[in-house]
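The structure appears below as structure tokens.
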Amino acid sequence: MKIENYPVLKALFPFICGILCCYLGNLPPQFGHFLFLITSIFCLFSVLLWPIRKLSMQWLHAFILFLGFFFAGATATNFRMQAVATEQSEELVSQNNTFLVRVMDHPVVRARSVKVVAEPFNDSLRSCPSLRRLLLYVQRSAASDSLQYGDVLALSTKFAPLEPPTNPDAFDNQRYMRRKGICYSGYVPEGAWQRVGNDVPNPLKDIAFQWQRKLSALFLQTGMSGAEYEIIKAILLGDDDTMEPDLKAAYASAGVSHVLCVSGMHVGVIFMILNFLLKPMDFFKSTRVVKAVLLLSSIWLYACITGLSPSVTRSATMFSFVTVGGLLRRNVNVFHSLLASLFILLALNPLLLFEVGFQLSYLAVFGIVTFQPMIADIYHCKTKVGNYFWELLSVSIAAQLSTFPISIFYFGQFPNYFILSNLSVISLSFIVMITGIGLLGLSFIPMVARGVATVLTFEIRIMNRIILFIEQLPGSVTHNIDYRMHQMLLLYLAIVLTLIAFQYQRKRMLLCAWAVMTLFAGTFALRKVGLLHQNEVVAYDVPHATALAFCYHQRGLMLSDSVLDFDHQSYKMAVQNHARRQHALWQFAAIDTNRLDLPFICKRGAALRYCDKTYYLLKKHCPVYAVESSLPVDYLVLCNSPTQSPEDVAAALHFRAVIADQSNGKFCIEKWRQWCNKNGVIFQCNR
């Protein structure tokens, strides 16, 4: 692979560097106009110097183009990142209680509410960048279930800025939503809103949503239901919002969660079927143009129906290059198509670079294109069936090799039987796709459609049983793997160096790869040594519950009234990621345990001793009474809104700080906050 053969890479690399610098540097929105001015200046310089073709001036051309694309990436990112809560937006939100908004995306129905992304119709609100998109949670009802794209709503609610994460190492929903242009959210109860009209902002998007609903209804009409219906919706239409979380987790544990997401394989199947059906149009030039238009229209219509996810957009862009290249009778280079599609998508939305699905999609395809031919050449099977399975296996290994470092970085787990699951499930999912497309094509013949639906249901059940069987195998998943960004980059560097060593027979590169892996292992050892001397106490933000964690030299104790095992939903949401980062051996104990003796903690009743500090757990129905001399306590922990007044507690206990968690009500927290501020006592609360 020579860089000279891929001119788009010369623009893509500085463009990505500009995106990273602007995003990670967190430049203020006011800096955008300055960046745009610099970009324009460098573009002007590049145009003026273009006629000068002297060899000695080439470095200047390259330098100016690099800076031009660098500042172009920074400018595009800065304008996208302008959605940030400001004093102006806070004032506008506080002054308005009644809003007129328009639904800007497909509403997502949840257990108790309907999630809606909307834009305000008020001119004063639309002029503020941080209020151009609003997140609504409408209380679940028959009326809210019928909300559609483009509906205009009159509603009464209080919008609040999205909060940063309150738990250590937790998912940063505020930053994630900011990338989508959303800074404020609000809850709308039943009766506080009314549909006053419909004004579709994008007719093409509306058509895509209507087609998705119609195709989903066709599956229901043929008798499909339950998990099978949810899976075929996810595989063919990209709609997995209502799928059971346990089923999603099973697919993730088996390493085939990508099957449930519409990806390049799905677009490829659609392209293959349409290309085969339109094959007779290749004989004449005029019909070839019509065929290309039909292929492009169908691919992008399918991409719109499935929600324009990063993987689908990438695949649709690639197949568009293939279609246009075939029309022009030119060979299309796969690498060049990938790089060109990546540049186009980032130019349209540079913040896609930070989406996990976007990263995994491109890394998987780059890995397949790069590693798969090398892996396939290792062994040549003599039979067609054996060769098919070896090709499929090589594709799976190549995709896993290119994605496992970043996948572990984000999710902290690795599916150990990914080869077994991919060999069985991917082949079966391809059959499921073909059957599902056939079902949609034959839906106008009810009797035949019901028969095909029965076959499709049977295929999906087999696929689910295989997934559940693999998930239940011993050691199916390695959990709690943790490394940081620099360690992930070292791992990718080692993979690239190993690839170069084998492809170009360079022993030095192999030695460099070993050196990088040694450095990678050394960073783990250093981190382990650092954690061996780390002590911390964390009061986790768990809704309506107490969860106190004491971590001492990689041993941890969780004291809680509800989070008492690793499978508890609150543990997975609030604690798991931080616990994984600590590399600790955790155990659980109920907060009402009267006696607890561990090497690093001792508990007697409501008092406990940890690292020369005393903690007292003040609970609702367990008041503390004054004695002749108050008991010295370092930290007073409020649990479940204790009714005893701060004055009475202070008469019985002498404490330096008060800790309040989410198990306490707002009135209790405010009462203690005021008392602490008045008496000079430190008050800590995660609300």
Solvent-accessible ranking of Tyr187, Tyr417, largest area first, probe 1.4 Å: Tyr187, Tyr417
Extent along principal axes [Cα atoms of region 109-239; Å; largest to smallest]: 47, 42, 29
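Can you give me the span-like helices of the chain, meaning DSSP H runs with 24 Å or more of Cα extent along the axis and Kyte-Doolittle mean at or above -0.5?
Numbers: long enough: 7-25 (28 Å, 1.79); 32-49 (26 Å, 2.22); 58-80 (33 Å, 0.96); 203-221 (27 Å, -0.04); 285-305 (30 Å, 1.20); 310-327 (26 Å, 0.79); 356-376 (28 Å, 1.47); 384-411 (38 Å, 0.87); 418-441 (33 Å, 2.03); 446-472 (38 Å, 0.92); 485-504 (29 Å, 1.63); 507-532 (38 Å, 1.17).
Helices meeting the span and hydropathy rule in the chain are 7-25, 32-49, 58-80, 203-221, 285-305, 310-327, 356-376, 384-411, 418-441, 446-472, 485-504, 507-532.
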Semi-axis lengths, Å, the chain, gyration tensor of Cα atoms, sqrt of 5 times eigenvalues: 48, 32, 31
Computed accessible area, Cys183, all protein chains, 1.4 angstrom probe, square angstrom: 10 Å²
Residue-averaged 222 nm ellipticity for the chain, from DSSP H runs of 4+ at -39500 (n - 2.57), nearest 500: -17500 deg cm²/dmol
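Relative to the Cα centre, what is the charge dipole magnitude of the chain, using +1 at the beta carbon of each Lys and Arg, -1 at the beta carbon of each Asp and Glu, and rounding to the nearest 20 debye? Can you show the working numbers first?
Working: 59 positive and 43 negative charges, 380 e Å.
Using Cβ point charges on Lys, Arg, Asp and Glu, the chain gives about 1820 debye.
In the neighborhood of Ser570, defined by Cβ-to-Cβ distances under 14 Å, what is the net charge if each Lys or Arg adds +1 and each Asp or Glu adds -1?
Working: positive: Lys572; negative: Asp541, Asp561, Asp565, Asp567, Asp661.
Around Ser570, the charge tally is -4.
Leaving out ligands, DNA and RNA, what percent of the accessible area of the chain is carbon and sulfur, probe 1.4 Å?
Numbers: 22580 of 35500 Å².
On the chain, the fraction of accessible area on carbon and sulfur atoms equals 64 percent.
For Lys382, Lys603, Lys619, give me the order by solvent-accessible area with a 1.4 Å probe, most accessible first, ignoring ligands, DNA and RNA. Before the final figure, lay out each step's value.
Details: Lys382 205, Lys603 5, Lys619 35 Å².
Per-residue accessible area, sorted high to low, gives Lys382, Lys619, Lys603.
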With all protein chains modelled, accessible area of Trp390 [1.4 Å, Å²]: 40 Å²
Relative contact order [Cα under 8 Å, 6+ residues apart], region 591-653, whole percent: 26 percent
Met509 - accessible surface, heavy atoms, 1.4 Å probe, Å² rounded to 10: 60 Å²
Shape of region 369-467, Cα gyration tensor, a/c cut at 1.5: prolate
Accessible surface ranking that places the most exposed of Glu670, Glu228, Glu190 first, with a 1.4 angstrom probe: Glu190, Glu670, Glu228
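Between Rg and the Kirkwood Rh of region 503-591, both from Cα atoms, what is the Rg to Rh ratio?
Values: Rg = 18.9 Å, Rh = 15.3 Å.
Here the Rg-to-Rh quotient is 1.24.
Please report, in whole Å³, the volume per residue of the convex hull around the C-alpha atoms of region 453-500.
Values: hull volume 7.4 nm³, N = 48.
Each residue corresponds to 154 Å³ of Cα convex hull volume.
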Under 13 Å from the Cα of Lys613 - aspartates and glutamates, other chains or at least 8 residues apart: Glu536, Asp634
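Evaluate the Kirkwood expression for the hydrodynamic radius of region 424-580, namely the inverse of the mean inverse distance over all pairs of different C-alpha atoms, and round to one decimal in Å. Numbers along the way, then the final one.
Working: mean 1/r = 0.0473 Å⁻¹.
21.1 Å is the Kirkwood radius here.
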Cα gyration tensor shape for region 314-400, rounded if a/c is under 1.5, else prolate or oblate: oblate
Reachable aspartates and glutamates from Lys115, criterion Cα separation under 12 angstrom, eight or more residues apart if same chain: Asp105, Asp145, Asp241
Accessible solvent surface per residue of the chain, calculated while the other protein chains remain in place, 1.4 angstrom probe, Å²: 52 Å²
For region 554-604: rounded, prolate or oblate by the Cα gyration tensor [a/c cutoff 1.5]: oblate
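Taking every DSSP beta bridge that has both residues in the chain, what percent is antiparallel when rounded to the nearest 5? Don't jump to the answer; show the numbers that get you there.
Working: 48 of 74 bridges.
Around 65 percent antiparallel, to the nearest 5.
Taking Cα pairs under 8 Å and at least six residues apart, what relative contact order does region 503-635 come out at, in percent?
Details: 155 pairs, mean separation 17.5, N = 133.
The value is 13 percent.
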Listed pairs Lys10/Lys279; Lys528/Lys666; Lys528/Lys572; Lys248/Lys384; Lys248/Lys603 exceeding 28 Å between Cα atoms: Lys10/Lys279; Lys528/Lys666; Lys248/Lys384; Lys248/Lys603
Neighbourhood net charge (12 Å Cβ-Cβ; Lys/Arg +1, Asp/Glu -1) for Arg656: 0
Whichever aspartates and glutamates have a C-alpha closer than 12 Å to that of Lys671, once near sequence neighbours (fewer than 8 apart) are set aside: Glu647
Taking only Cα atoms of region 455-547, radius of gyration then Dmax in Å: 21.7, 61
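The values are calculated or read from the model by the stated rules, or taken from the named source; none is laboratory data. Just so it is clear, the structure is predicted and the values come from calculations on it, not from any experiment. Counting neighbours? That spans all protein chains shown, and the Cβs are built from the backbone with ideal geometry, glycine included. Areas reflect the complete protein model, heavy atoms only, side chains present, ligands, DNA and RNA absent. Shrake-Rupley method; radii C 1.70, N 1.55, O 1.52, S 1.80 Å.
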